[in-house]
1. Inspect all residues belonging to the range 451-464 and state whether any of them is in contact with a Pro (Cβ under 6 Å, 6 or more places away or on another chain) and farther than 28 Å from Arg343 by Cα.
2. In this structure, does Ile576 turn out to be modelled with pLDDT under 95 and aliphatic (A, V, I, L, M)?
3. Within the range 480-502, which residues are modelled with pLDDT of 95 or more, closer than 23 Å to Arg332 by Cα and assigned to a helix (DSSP H, G or I)?
4. (1) at pLDDT 95 or above; (2) within 21 Å of Phe592 (Cβ to Cβ); (3) in a loop (DSSP other than H, G, I, E, B): which one isn't true of Pro436, the others all being true?
5. What single numbered condition from (1) closer than 22 Å to Val203 by Cα; (2) assigned to a strand (DSSP E or B); (3) polar (S, T, N, Q) fails to hold for Asn68?
6. Just one of Ile368, Ile429 is more than 23 Å from Leu326 (Cβ to Cβ), part of a helix (DSSP H, G or I) and among the β-branched types (Val, Ile, Thr); which is it?
7. Out of Tyr351, Tyr319, report the one residue that is aromatic (Phe, Trp, Tyr), modelled with pLDDT of 85 or more and either closer than 22 Å to Arg487 by Cβ or open to solvent by 60 Å² or more (accessible area, probe 1.4 Å) (or both).
8. For the subset of the range 71-88 comprising residues that are open to solvent by 70 Å² or more (accessible area, probe 1.4 Å) and touching a residue at least 24 places away in the same chain (Cβ under 8 Å), which member is nearest to Val54 (Cα to Cα)?
Amino acid sequence: MPGKVIPEGQVIFGNSDTPDTISLIADGEVEGVFGSHKFILGKSDVIGICDLMVERGYITYTALSDVNFYEYPCSSTDELDKLIHSNADIGYLMVNGACKQVAELFMYRDRLSKEAESTVTLIKETYEKYGQLSKEYSLPAKKLPGVIDLAPFSGEDNVEIWVHDFYVEIGALEPASRKAFFHNSPGIALGFMRRSKNDLTKVIEACEQYHEYIKGVSAFLLAESGIDLFGLVCELHLNSLHIEGADSTVETMVSQLSDALATLTGINAYAYNNRLYSYWDSLEVKREAGFEPGVTPEITSMHGAGDMLAGSLETILEYSEADDQLYQTFSRCVKAYTGFSDRNGTDDDVYDTRRDLTRSFYEVYKLILKKSFDDDSIPTVVNMFLNFGYVDPDLAGKENAELLYSIADSYKGVPEKGIFTVREWLEAIYRGEREPSLSEFDMDYQAFLRDQKNTKQIDAKEETRLLADQDEKLRYELENAFPVVNRVTFGNPTRFCPVFSDHNVLRDLEKTLVTPGAVEDIVNEIRSIDFSAFYRETGFSDQKLGITGESINVEVLPNIVLMPNVGTRGSMWQEIEGRLRTTPGRMFLPIFLEGDLNQIIIKLVAEFRWEMCKRVQGSRWNDMSDPSLTSYFCDYLQFYTNNRSLAMQTMNEIRNELSVARNNYKTVFVSNYLYWIQNESRGMARLNNVALGILMTFCPFSAEIRDQVKNNMRYNDALTRYNTKRQKRAQRLALLTKRLSQQGKQIPQEILDELEFTKR
């Protein structure tokens, strides 16, 4: 009689469970699920064999009926070796079970690969056709930021074609053929299992990367926000029913999207069905109601977004509910500013108008922002005002205004990944999810209140109240950080004005739009080169385990906020939030960037590294007796003329660097870091040996890049020093984990993560 019985519907083994047993099914059926792939296991199949081989759970096994099975304790491949040698029948069944499940995974990987390619093609073709039909029907076409830049899958898929065919064909063999080969041949069985481990790891990693990629791009088709391609095409269908020939044409597009969404990996079926049924209901109502000739339902104009933008300034001011004085001042300044032939002029009337317009802009912004937090139907032009600084189509330029209109409702940040539009950022502060930023005098909200208390402007009770007042926190951000950062990211403070004006647009506006996806990709690319860029050291203790004062590294990605201007600069505003070193840094970028986004973000990361080091080192940031990035770099630049390892030509180059940087060591470091990421990581020499050694010590390349440059003599000394230091750290942690294991104690995840960090 089998040793264990599991009732129908019960989860036998979850995808996050650590495998310590394998189970042979004697009777019943089990469903295995990996990602969106499902397969059935029956009599003589094995549960957990593949999970054991890769040493982690990744399949969820659920009983489809009452299941009887034999259970074998087995937590490593060494124990599996003993099990196979002990019983030829069990050995064959283990191999047979592994063959079947590995073949399933390879077929799943093949499906995901094709789906990744077809999904991108569908998105781009549908989006292009949507734009063409909107233009043909004289309807405004909304835009989905990021679709144009959507790139094919570029993750790692190291599975070779012959390996794929090898396992799929073994899985397709008749059971008798497999048994004839593997039965009573433990050496062959074990060799196959050992070989399968590497292949299995590769195919699992490939499947997971394909799955993440498809999940990311599928958001263009169906997003939680409802702003997606499915919604745009459905809206186009509903608004073009009265146009001859449009009904069947657009309905065909909707059907194609529906067919794809019904089977696409990662799509929430419940959300999709709700959206689909809602569309069908609306379609039925409109068809039954009929239309008057020449009348477009829900669309006020047949001539694009132009008519919808008419009266933008009045719409914005009416929404703000500004008093008469502010209403008249803002209107007067906008009209005067629009009428200037040179809006960058230095004449008194131009200067005074820019000043008054700037002041009134922020007053209106405060009124609108607070009201918008509780409004589920914000007018599109108000969204344009909040995220882009737009106020008037004549001031913005017709084409620019129409582009802003087309993206205003769909443009979103990714707050869960730390990338915010300015409105999302300010709302996060209002909701208590983020703390206010530093003022231009490097004073945070708590320090500001403490200063007010010390100067007797408020008492201790009022200070306590204000510390918990979200309205006051928002006001602090709006008055002390927002205007300053907006001016800084614009790039030219002397001619700055916060309203969107076409004279600031030097390139095609759509090409300058900074998308959250582009920001995330660049940050991830930097992390793949300088893997420790956003790690910071902190302490870890566990008295019960005898761990005291162990230093560990944790990664904290920065918050990046997109400011409402057409600008040329980024700003690394603060390296931490408050006093805690494990809080995210804060960077700001223009939402329309007249520059190279890649270079600007690299420079921001360089500034972050410099400022974070100064924060950690405190007053000893340039003290060579306490080694650090800043102390080494300052020493190198201060005494380079005495460094005998530098050639005369190199000294002249350093002298020129310092001259260009006006003797600012941080500026020189930022320039060197840019070379480090863009050139040195690709084997292109740009830095002298001293600068290279400092960067390799404190901003080391990832293991993959170190392996690529290890044969380059320029890196020998720096790599040797780095590897020696890294190996000592790894050995110390390995001894600690070994001691805890021998004592039968569970190793803290923080220590395991730190050990993994030393291998990167």
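The values are calculated or read from the model by the stated rules, or taken from the named source; none is laboratory data. Because the structure is predicted, anything quoted here is derived from the model rather than measured. Don't worry about glycine lacking a Cβ; one is built from the backbone with ideal geometry, like all the others, and counts go over all protein chains shown. Side chains are part of the model used for accessible areas, which takes the heavy atoms of the whole protein and leaves out ligands, DNA and RNA. Shrake-Rupley method; radii C 1.70, N 1.55, O 1.52, S 1.80 Å.
1. Going through the range 451-464, the residues in contact with a Pro (Cβ under 6 Å, 6 or more places away or on another chain) turn out to be none.
Scanning the range 451-464, I find no residue that is in contact with a Pro (Cβ under 6 Å, 6 or more places away or on another chain) and farther than 28 Å from Arg343 by Cα, so the answer is no.
2. Numbers: modelled with pLDDT under 95: yes; aliphatic (A, V, I, L, M): yes.
Criteria met by Ile576.
3. Pro483, Asn486, Arg487, Asp502
4. Of everything listed in (1) at pLDDT 95 or above; (2) within 21 Å of Phe592 (Cβ to Cβ); (3) in a loop (DSSP other than H, G, I, E, B), Pro436 misses just condition (2).
5. Condition not satisfied by Asn68: (1).
6. Details: Ile368 fails: more than 23 Å from Leu326 (Cβ to Cβ).
The conditions single out Ile429.
7. Unique residue meeting the criteria: Tyr351.
8. Applying the first criterion (open to solvent by 70 Å² or more (accessible area, probe 1.4 Å)) to the range 71-88 yields 71, 73, 78-79, 82, 85-86.
Subsequent filtering for residues that are touching a residue at least 24 places away in the same chain (Cβ under 8 Å) retains 71, 73, 85.
Details: Glu71: 19, Pro73: 16, His85: 20 Å.
Restricting to residues being open to solvent by 70 Å² or more (accessible area, probe 1.4 Å) and touching a residue at least 24 places away in the same chain (Cβ under 8 Å), the top hit is Pro73.
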